[in-house]
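Only the coordinates and a few stated rules stand behind these numbers; no lab work does. None of these values were measured; they are calculated from a predicted model. We place every Cβ from the backbone using ideal geometry, glycine too, and count neighbours over all the protein chains shown.
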Amino acid sequence: MCGIVAYIGNKNALPILINGLRRLEYRGYDSAGVAILNNGEFLSAKSVGKIDNLATKLNGQDLAGTYGIAHTRWATHGGVTEANAHPHADCTGKIILAHNGIIENYRELKEELGASHTYKSETDSEVLAHLIEIYYKGDLRKAVLEALARVRGTYGLVVMHSDHPNTLIAARMGSPLVVGIGDNEFYIGSDASPMLAYTKKVIFLDDGEVTEISREQMNTVNLKDINVAKHVEEIEWDEAQAQKQGFPHFMLKEIFDQPTVMADAIRGRYNLADGIAHLGGLNMSLEQMHSVKRVVLIACGTASYAALVGKYMFERLAGIPTEVDVASEFRYRDPIIDSQTLVFGISQSGETADTLAALKEAKRKGAFVRGIVNVVGSTIARETDGGVYIHAGPELAVASSKAFTNMVAALLLCALQFGRINKLTLATGQRLLNALQEIPEKMQIILQQSDKIKELAEKYQNCRDFFFLGRGINFPVALEGSLKLKEITYIHSEAYPGGEMKHGPIALLSPQFPVFAIMTKNQLYDKMRSNIEEVKARHAPIILLATEGDDKASELAQDIIYVPPTMEVLEPLLNVIPLQLFSYHLAVALGRDVDRPRNLAKSVTVE
Ligand code: G6P
């Protein structure tokens with residue numbers, strides 16, 4: 001996720017662009033840049049870090065002009081450097097663009113363009129400027145359309161040309177773009193917040209649309225250059241609502257982001273024909289991979305529950321003994337680590353002090369140390385010898401949601417990569433990848449039940465204790481569901497493996513102590529069913545998570561949330577979503593500060 005702002009009109013563009021970037025800073029802020037046409041030439045400035053750094057750098061610089069583009073970056077391809085900050089230009093410096101999304105085939109395109117093109121950055125985006133350069137024969141819109149026809153991936157894109165100071169091209173595929181309409185002027189933003197101070201009239205671009213904008217008008221076409229009628233909407237949102245894309249909280253927006261960012265996490269990282277994953281960033285030779293006899297997953301909080309899911313995946317798919325350690329414990333118990341151990345540090349922020357210190361300890365003991373991280377260029381990403389970015393985009397709500405599912409997806413791809421060089425068959429690899437491709441769509445089906453889950457949450461809002469039960473690969477999901485409830489509702493809750501209830505915790509059950517049980521159709525279904533019968537016999541209220549089509553679920557409970565079926569090893573990717581929604585709606589019902597719960601911090605950089 002990145003943020004784009006552009007302006008074409010008669011006002012001085014710079015303050016509009018910089019203020020617009022500040023509104024979009026929530027979309028990522030590792031670096032930023034701006035380019036404005038001044039006397040027929042683009043003048044630009046870039047800086048690493050927050051928008052304030054760019055603003056300070058611009059102090060005293062004369063970037064006057066009425067036609068410009070700006071970008072705040074959330075790095076995906078290429079580290080956090082000034083050179084990698086947008087906007088990017090072609091060889092002539094006449095074409096300039098800002099891009100949000102991922103160009104999957106950028107390496108092939110670069111190869112095809114050959115050595116005559118010089119690149120100033122390591123980004124996937126820059127190749128687009130050069131592609132437009134070769135197709136440009138005087139008509140910018142046509143050149144952009146031809147370039148986009150060659151691209152595989154996602155984009156929110158704004159392109160300018162210094163010979164066409166009254167033309168701006170914007171295109172969307174998978175990354176949002178909004179056009180704001182003023183008086184002989186147009187604004188563009190990744191959401192409406194940069195333009196709300198100037199206009200309430202907007203047009204939302206849809207996927208596969210390209211629009212050509214002058215100061216006087218805009219004309220939208222599809223990728224086949226056929227006109228598309230767009231209607232103007234009057235926006236009612238205030239700035240904060242626009243940033244949340246109309247969702248009342250970042251957490252709900254992030255829960256709903258999951259189908260999109262899951263697709264981002266897996267895109268281009270596997271080969272269906274060979275039933276294998278390719279995680280080039282792991283930076284391990286085949287020989288090194290074969291030498292791995294043990295995997296250790298180190299993390300804190302939500303990331304540690306993603307790690308527990310990863311343990312099942314590594315053991316089941318790759319046949320490699322795998323342990324999970326909470327980072328703060330790992331360091332102090334003199335862990336047995338050697339050169340045949342592969343240690344992953346899993347972290348959304350990439351800055352968690354305990355995880356970082358544990359990884360240093362593992363490195364000192366000679367293990368392979370890799371990261372599974374969201375924030376590109378973060379300390380863990382830099383201090384490990386390789387790893388996998390989870391591509392969840394910025395996560396702003398303190399309670400993690402989309403980072404969990406994308407960590408699980410990254411771990412699955414790792415386990416699959418190791419599995420296929422070990423014992424996993426081609427057929428299983430292919431079956432898994434086919435099922436994985438269906439996950440984003442199945443996530444959507446679950447998200448559509450948000451209102452029903454809200455009713456359930458409201459029904460239980462006066463309870464003071466909860467149990468979450470799961471077995472096998474769903475036990476970590478129960479742990480994560482329980483953590484979400486604690487974090488944002490402040491209600492006491494505990495998670496247990498279903499089979500463990502009878503060894504103590506069952507003594508707590510009463511009609512005031514609800515049990516949220518995960519009973520999806522997998523190899524432990526019958527076992528879990530018996531455990532829930534035990535709960536039912538103690539008259540505790542039961543909320544069941546069951547697989548669509550399980551007619552028998554209603555014999556156990558009245559409150560049931562159904563999820564689509566999938567392969568057992570992928571179940572956590574779906575099953576966690578109703579638990580996230582349940583906690584979210586319950587927190588809202590109780591009037592809690594959902595995005596900023598008491599006593600917690602998003603990134604814990606102290607021990
Ligand atoms: C904090 C956050 C949690 C998060 C944990 C690990 O405690 O409140 O939501 O799971 O840190 O963070 P990391 O950035 O390492 O994933």
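Along its three principal directions, the equivalent ellipsoid of region 3-243 from the Cα gyration tensor extends over semi-axes of 24, 21, 17 Å, largest first. Derived scalar couplings between HN and Hα for region 308-325 equal 4, 4, x, 4, 4, 5, 4, 6, 6, 8, 9, x, 9, x, 9, 10, 10, 10 Hz in order, rounded to whole Hz, by the Karplus curve 6.51 cos²θ - 1.76 cosθ + 1.60 (θ = phi - 60°), x for Gly and Pro.
Quick one: putting +1 on the C-beta of Lys and Arg, -1 on the C-beta of Asp and Glu, what dipole do you get for region 191-287 around its Cα centre, in Debye to the nearest 20? Mind dumping the intermediate values first?
Values: 9 positive and 17 negative charges, 6 e Å.
Dipole size: approximately 40 debye.
Quickly rank 572-584, 357-369 as a protection proxy: mean count of other C-beta atoms within 10 Å, highest first. Write out the running numbers ahead of the final one.
Details: 572-584: 27.4, 357-369: 19.7.
By packing density, highest mean first, the sequence is 572-584, 357-369.
List the aspartates and glutamates whose Cα lies under 12 Å from the Cα of residue 502, skipping any in the same chain that are fewer than 8 positions away. Counting by Cα, and skipping residues close in sequence, residue 502 has these aspartates and glutamates nearby: 533, 534. With respect to the chain, whose longest principal axis is taken over its alpha-carbon atoms, helix 525-537 is tilted by about 70°.
Highest-first packing order for the peptide set 200-208, 412-420 is 412-420, 200-208, based on the mean count of other beta carbon atoms within 10 Å.
Obtain the radius of gyration and the Kirkwood radius of the chain from its C-alpha atoms and give Rg over Rh.
On the way: Rg = 25.2 Å, Rh = 25.4 Å.
My calculation of the ratio gives 0.99.
Taken about its Cα centre, region 247-437 carries a charge dipole of about 360 debye when Lys and Arg each add +1 at the Cβ and Asp and Glu each add -1 at the Cβ. Do the sum for the chain: with -39,500 (n - 2.57) for every DSSP H run of n ≥ 4, divided by all residues, what is the mean residue ellipticity at 222 nm, to the nearest 500 deg cm²/dmol? Theoretical 222 nm ellipticity from helices: -10500 deg cm²/dmol.
Using the Kirkwood radius over C-alpha pairs as Rh, can you work out the diffusion coefficient of region 458-558 via Stokes-Einstein at 25 °C, viscosity 0.890 mPa s, in µm² per second? Using the Kirkwood radius from Cα pairs, D works out to 182 µm²/s. With respect to the chain, whose longest principal axis is taken over its alpha-carbon atoms, helix 250-266 is tilted by about 80°. Just name one of 9, 63, 461: the one whose Cα is farthest towards the positive end of the charge dipole of the chain (beta-carbon charges, Lys/Arg +1, Asp/Glu -1). Most positive-ward Cα: 461.
For the chain, the relative contact order comes to 11 percent (Cα pairs under 8 Å, sequence separation of at least 6).
Using Cβ point charges alone (K and R +1, D and E -1), the dipole size of the chain about the Cα centre works out to roughly 920 debye. May I ask for the angle, rounded to the nearest 10°, between helix 126-135 and the longest principal axis of the chain, with both axes built from Cα atoms and the value confined to 0 to 90°? So the inclination is approximately 40 degrees.
When the C-alpha to C-alpha distance is required to be over 21 Å, the pairs from 94/230; 50/486; 46/94 that qualify are 94/230; 50/486.
So how far, in whole Å, is the C-alpha centre of region 372-424 from the one of region 177-216? What the calculation gives is 35 Å, centre to centre.
DSSP loop GluC sites (Glu not before Pro) in region 103-140 with at most 14 other Cβ atoms within 10 Å of their Cβ, which ones?
Numbers: sites: 104, 108, 111, 112, 122, 126, 133; in loops: 104, 122.
Sites meeting the loop and neighbour criteria: 122.
Amide hydrogen proximity for residue 153: with H placed 1.01 Å from N in the peptide plane, the residues at 5 or more positions away or on another chain lying under 5 Å are 104.
Relative contact order for region 541-607: what percent, with Cα pairs under 8 Å and sequence separation of 6 or more? Intermediate values should be presented prior to the final figure.
Numbers: 42 pairs, mean separation 14.4, N = 67.
It rounds to 21 percent for region 541-607.
With no solvent and one equal point scatterer placed on each C-alpha of region 48-178, evaluate the Debye formula and give log10 I(q)/I(0) for q = 0.18, 0.22 Å⁻¹, two decimals. Cα-only, vacuum Debye calculation for region 48-178: -1.03, -1.49.
When each of the peptides 324-335, 296-307, 390-401, 374-385 is scored by how many other beta carbons lie within 10 Å of its residues on average, the order from highest to lowest is 296-307, 390-401, 374-385, 324-335.
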